[in-house]
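A short reminder: the numbers here are calculations on the coordinates, not readings from a lab. Quantities reported herein were computed from a predicted structural model and do not represent experimental measurements. A quick note on method: Cβ atoms are made from the backbone with ideal geometry, for glycine too, and the neighbour counts reach across all protein chains shown.
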Amino acid sequence: MTPSARRLASAALGLVLLLASPTASSALASEDAFVAGYAAAILEREFKLTAPSLRVENGVISLQASDLGGADRARVLAALQAIRGAARVEILEPGAAPPAPVASQPTAPASPLRVLSEWQTGLLPGGSLFKPLVADPRWPHFAASYQHHLRDILLKDAASVSFGETFTLYRDRLGRGWWEIGVQAGVFAVFDLGSPSKDLVNADYLVAIPVSYRYSDLSMMFRFFHQSSHLGDEFLLRTKFNRINLSYESVDLKASYDIGDVGRIYAGAGFLFDQEPSNLDPWSIQYGVELTSPWPPRDKGWRPIVAVDMQHREENGWSADFSARGGVQLDGVLATRNMQLLIEYFKGRSPNGQFYRDKIEYIGLGTHFHF
């Protein structure tokens with residue numbers, strides 16, 4: 001166990017014992033002091049910041065936005081919210097006063113909490129309003145997976161890698177919510193581990209312009225994107241495969257709803273145009289669910305997760321492409337980044353470029369990074 005984890009565990013045990021004693025109010029004050037000290041240490045170590053306005057009242061961390069300087073507000077919020085005992089983080093906008101001190105009498109009602117901005121606005125604000133789709137085989141992110149194919153005439157053992165991310169260019173308020181525009185790009189490649197030279201079989205390239213909106217637990221993303229597919233040279237020379245120049249432009253719209261901190265459901269539809277081959281049917285639908293275990297607490301640094309993604313395409317007669325992933329998410333890898341170690345299962349039409357008509361099924365194990 002790391003020194004930070006031991007300190008957090010000790011603080012949690014102390015809080016339980018103090019709450020059980022007649023001096024519960026002094027115990028809460030001690031817990032607030034611990035949270036404040038831990039928050040100050042995170043700001044200094046991770047972001048090179050000092051925050052004179054930092055205060056903690058009943059677990060609510062507050063600090064002035066001016067103390068953040070040019071730091072990524074989304075990363076600061078995520079880091080502070082992960083502190084054991086932190087009920088909420090409030091970034092006070094310029095001119096806003098800190099929350100009034102809580103009355104010393106135990107029966108006095110707490111002051112109403114402000115509704116404050118939790119997303120940084122302006123150019124390059126950091127973060128994304130629409131969270132990544134964990135089980136979507138074509139969501140741009142950094143990943144490496146081993147796949148064992150059960151029913152595939154071309155592959156038996158394969159390596160799948162992807163490189164990509166979603167970057168927000170500009171964000172602002174829209175009514176009571178937020179909107180943003182960004183850029184999304186990804187490369188998805190599959191290698192045949194059974195071939196003598198571990199041939200590159202296929203690589204798909206995606207570039208998109210996403211426009212997203214979020215209000216409370218509801219988020220939406222509209223994308224315009226281009227995708228093209230390219231076969232590996234060694235694979236072509238070895239198999240004499242008949243190459244198809246698969247490429248298309250597409251628009252899609254997805255809506256997602258968070259169920260507290262433990263669940264998420266989403267659904268959407270897409271439409272192809274300027275496609276090659278030109279006879280590709282254009283419509284598709286997608287939906288899914290993601291679950292994150294509330295145990296163990298977030299301060300432990302890891303949580304079990306499971307996700308299911310379903311896609312249906314008109315081109316394939318609306319047959320189902322079923323993708324399921326489950327495993328462990330490690331929070332706080334490289335500040336606010338997370339890493340997922342996932343068992344993967346897929347059954348349906350291949351997501352790999354020009355093999356879109358082939359029925360495949362595989363199980364695998366992958367490492368996924370989300371920035």
Would you kindly derive the ³J(HN,Hα) couplings of segment 152-165 from the backbone phi angles with the Karplus curve 6.51 cos²θ - 1.76 cosθ + 1.60 (θ = phi - 60°), listing them in order in whole Hz, with x for Gly and Pro?
8, 6, 9, 10, 10, 10, 9, 10, 10, 10, 9, 9, x, 5
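Taking segment 309-365, which chymotrypsin sites (Phe, Trp or Tyr not before Pro) meet the DSSP loop condition and have no more than 16 other C-beta atoms within 10 Å?
Values: sites: 318, 322, 345, 346, 355, 356, 362; in loops: 318, 356.
Passing both the DSSP loop test and the Cβ count: 318.
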Cut-off 10 Å between beta-carbons: net charge of the residues surrounding residue 257, Lys and Arg +1, Asp and Glu -1
-1
Given the peptides 289-296, 164-171, 246-253, arrange them by the average over their residues of other C-beta atoms within 10 Å, most packed first.
164-171, 246-253, 289-296
Which of the lysines could be linked to residue 359 by a straight reach, that is with a Cα gap under 24 Å, when you skip same-chain ones fewer than 8 residues away?
156, 198, 240, 347
What does the convex hull of the Cα atoms come to per residue for segment 123-370, in Å³?
127
